[in-house]
Amino acid sequence: MTELRIHSTERRGDALVDDVAFDGPDGEEVAAYLVRPNDPDGGEGHAGLVMWHWLDSQAPDGNRTQYLDEATELAGLGAVSLLPQGRFPWSAPPTGAAADAPAIRAEVARLRAGLDLVAARPEVDAARLGVVGHDFGGMFATIAAAEDDRIRALAVVAAAPRWGDWFLLFWDLPDDRLDYLRDLRPLDPVEVLGRASGPVLLQFGRSDFYIATMSALELKSVAPEGTDLQLYDSGHDMRSPEIRSDRRAFLSRTLGLRAG
């Protein structure tokens, strides 16, 4: 198994933040942060998380830094979190179904490789793993949860039901629209969410310019029984403290984090 390479470490409150890198299944390096409890004796029995960020090239947190503060808070409750930097479509844009389908699968493979690294850590209880994802991060997280029954908690934030909902609107692709939707359909979150094996939280904004409330309801309609859909007075950035608080409560309940 690939290993984490630690470049530097800093202390943030009750957490240690490692600036790390690891090799994805394709051999390409993935930059990430590892956020862990500051346990002098090493600790044990912590929950493990992978948190996959959103895409906004104009936002300062449209990268692996998005969940740093939240992961630091969760470390104080007994969670070890890996925050990888996304590649597709962050730095490698969609170009058509023939390339995009393998690119989606490669990104999911990087996410799951990160989950492998977290689960293998001696202080982590591999039976208490979860994934959080916002926007494209939520779409990748959904596929990962559908394919990996180790994931016991899935929080999806402002994600589109279909890849074509984004790519056909905001990128100039050569494919016929219907052909593109058909070719990527097996990878669409709306097609795979029902296979998630653990509890699911869906968080969406009522004022989201990009993701309509109907999209949230569509995902809820195919989600596993008991899925919680929460709607907020928020745009696509989903930055309100209430959203973060509800997500913390969900992860605490499903992964057995300490009260705090």
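Could you count how many residues in the range 79-88 are surrounded by fewer than 23 Cβ atoms within 10 Å (Cβ to Cβ) and either of a type in the set (Lys, Arg) or in contact (Cβ under 8 Å) with a residue 24 or more places away in the chain (or both)?
Number satisfying all stated conditions: 2.
Being small (Gly, Ala, Ser) and either assigned to a helix (DSSP H, G or I) or over 11 Å from GLN203 (Cα atoms) (or both) is the filter here; which residues of the range 230-260 pass it? Residues satisfying the conditions are GLY235, SER240, SER245, ALA249, SER252, GLY256, ALA259, GLY260. For the range 89-102, the count of residues that are buried (at least 18 other Cβ atoms within 10 Å of the Cβ) and among the polar types (S, T, N, Q) is zero. Filtering the range 189-232 to residues that are among the β-branched types (Val, Ile, Thr) and touching a helix residue (DSSP H, G or I) at 6+ places or on another chain (Cβ under 9 Å) leaves VAL190, VAL192, VAL200, ILE211, VAL222, THR227.
Would it be correct to say that VAL35 is surrounded by 24 or more Cβ atoms within 10 Å (Cβ to Cβ) and either among the aliphatic types (A, V, I, L, M) or within 21 Å of ARG195 (Cβ to Cβ) (or both)? In short, yes.
Residues of the range 73-91 include at least one that is out of contact with any helix residue (DSSP H, G or I) (no Cβ under 9 Å at 6 or more places or on another chain) and either within 30 Å of PRO174 (Cα to Cα) or basic (Lys, Arg) (or both).
For the range 163-207, which positions are outside any helix (DSSP H, G or I) and within 19 Å of the chain's Cα centre (by Cα)?
Hits for the range 163-207 are ASP188, ALA196, SER197, GLY198, PRO199, VAL200, LEU201, LEU202, GLN203, PHE204, GLY205.
The selection criterion, being free of Cβ contacts under 8 Å to residues at least 24 places away in the same chain and not aliphatic (A, V, I, L, M), does not hold for ASP149.
Bear in mind these aren't lab numbers, they're just calculated from the coordinates by the rules spelled out. Bear in mind the structure is a predicted one, so any value in this text is a computation, not a measurement. All Cβ positions, glycine included, derive from the backbone under ideal geometry; neighbour counts span all protein chains shown.
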